[in-house]
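Down below is the structure, laid out as structure tokens.
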Amino acid sequence: MSETGSFGEDLADFVRRVGALRGSRALPAAELRGVLDAALFELEHAAETLWPRYERLAARAPEGTSAERRERQLLRAVFQRLPLPVVLVDRDTAVRRMNPAATALTGVRAGYATGRPLAGLLAPGDRAPFRSQVAAAARGEGARSLTVRLLQRPDRPVRATLTALSPPGEPQPRSPPTNCASPTPSYPYGS
């Protein structure tokens, strides 16, 4: 894991611990000494560990940021212009991104679909198998492919291909990576 990713995880853990400390403000005064000690420990951790790591990362950022930004822009352009429907989903099948071809296929706007389960767009009998195959791909068990039916077009089956990937610059779950569902219509596209 890159130092940036590791720093992000450490920072997220720190934020969670601070949230837990904030939640303990309602404790009786007699029990607050331990909370105060924990808060001081967390502040020391931030000052002695997190801040120096941040400064090291920030000092290195100018060299890589423009190249990384161009790479992300290129990947976004390819994603948007790809003639095949592509949907990036997480392990729970929640839509992270949807390209215009996927929008045309599903009849659902990308902004509306984001955060909602892609499985919800499928016929009820196809939802559980789809979720199962997404979970298998997310666990790193290899690419998967299955035929599903969209709720809006149940008479036209769609071949969905699933593969695990980790898009650069995207927040990553601690384990398994993001999945890509690329439905390929089993009928001529656009008909």
Exercise. Which pairs do you get when a residue that is outside any helix (DSSP H, G or I), found in region 46-61, comes within reach of a residue that is surrounded by fewer than 10 Cβ atoms within 10 Å (Cβ to Cβ), reach meaning Cβ atoms under 7 angstrom, with the pair 6+ apart or on two chains?
Worked result: none
Exercise. Quick one: what pairs do we get from region 13-37, first residue without any contact (Cβ under 8 Å) to a residue 40 or more places away in the chain and polar (S, T, N, Q), second in a helix (DSSP H, G or I) and open to solvent by 70 Å² or more (accessible area, probe 1.4 Å), C-beta under 9 Å, 6+ apart or different chains?
Worked result: 24/31
For this session: Residues being of a type in the set (D, E, K, R), surrounded by fewer than 17 Cβ atoms within 10 Å (Cβ to Cβ) and in a loop (DSSP other than H, G, I, E, B): count how many of those fall in region 79-106.
Result: 1
Problem set entry | Residue satisfying condition, being of a type in the set (Gly, Ala, Ser), loosely packed, with under 11 Cβ neighbours inside 10 Å and closer than 23 Å to residue 166 by Cα, within set 67, 47 | 67
Exercise. Considering only residues of region 119-162 that are hydrophobic (A, V, I, L, M, F, W, C) and open to solvent by 50 Å² or more (accessible area, probe 1.4 Å), which is nearest to the chain's Cα centre (by Cα)?
Worked result: 143
Problem set entry | Residue list for region 109-161, restricted to those being in a helix (DSSP H, G or I) and among the charged types (D, E, K, R) | 126, 127, 131
Exercise. Restricting attention to region 107-118, does a residue exist that is open to solvent by 80 Å² or more (accessible area, probe 1.4 Å), hydroxyl-bearing (Ser, Thr, Tyr) and either under 19 Å from residue 166 (Cβ atoms) or out of contact with any helix residue (DSSP H, G or I) (no Cβ under 7 Å at 6 or more places or on another chain) (or both)?
Worked result: yes
For this session: Could you figure out which of (1) surrounded by 10 or more Cβ atoms within 10 Å (Cβ to Cβ); (2) out of contact with any strand residue (DSSP E or B) (no Cβ under 7 Å at 6 or more places or on another chain) isn't true of residue 28?
Result: (1)
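The values are calculated or read from the model by the stated rules, or taken from the named source; none is laboratory data. Note that the structure is a prediction, hence the values are computed from the model and not measured. Methodologically, a virtual Cβ is constructed for each residue, glycine included, from the backbone with ideal geometry; neighbour enumeration extends over all protein chains shown. With ligands, DNA and RNA removed, areas are computed over all heavy atoms of the protein, side chains included. Shrake-Rupley method; radii C 1.70, N 1.55, O 1.52, S 1.80 Å.
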